[in-house]
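The values are calculated or read from the model by the stated rules, or taken from the named source; none is laboratory data. All of these numbers come straight from a predicted model, not from anything done at the bench. Please note: Cβ atoms are built from the backbone with ideal geometry, for glycine as well, and neighbour counts cover all protein chains shown.
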């Protein structure tokens, strides 16, 4: 049972979309904005993965104590 779905894949897809938008833009300031946005989405994905690992570890420890 997953109470909190892992959204890391969604966040990584959004980061990829931002990088694609950056590559498609002829304007430097717009490319910079998209690259920064992609970095934020990547950071969110990494944080979500870390939280998922912590949740899994806690669940395993809890199950082991039962």
If we keep just the residues of the stretch 1-22 that are surrounded by fewer than 14 Cβ atoms within 10 Å (Cβ to Cβ) and part of a loop (DSSP other than H, G, I, E, B), which is modelled with the lowest pLDDT? 1
Yes/no for residue 54 being assigned to a helix (DSSP H, G or I) and either modelled with pLDDT under 95 or on the phi > 0 side of the Ramachandran plot (or both): yes
Looking only at the stretch 23-35, how many residues end up being surrounded by 12 or more Cβ atoms within 10 Å (Cβ to Cβ) and assigned to a helix (DSSP H, G or I)? 6
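Taking the stated definitions as given, is residue 63 part of a helix (DSSP H, G or I), surrounded by 12 or more Cβ atoms within 10 Å (Cβ to Cβ) and free of Cβ contacts under 8 Å to residues at least 60 places away in the same chain?
No: the conditions fail for residue 63.
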Based on what the data block shows, is residue 51 surrounded by 12 or more Cβ atoms within 10 Å (Cβ to Cβ) and touching a helix residue (DSSP H, G or I) at 6+ places or on another chain (Cβ under 6 Å)? no
Being loosely packed, with under 13 Cβ neighbours inside 10 Å and assigned to a helix (DSSP H, G or I) is the requirement here; does residue 45 meet it? no
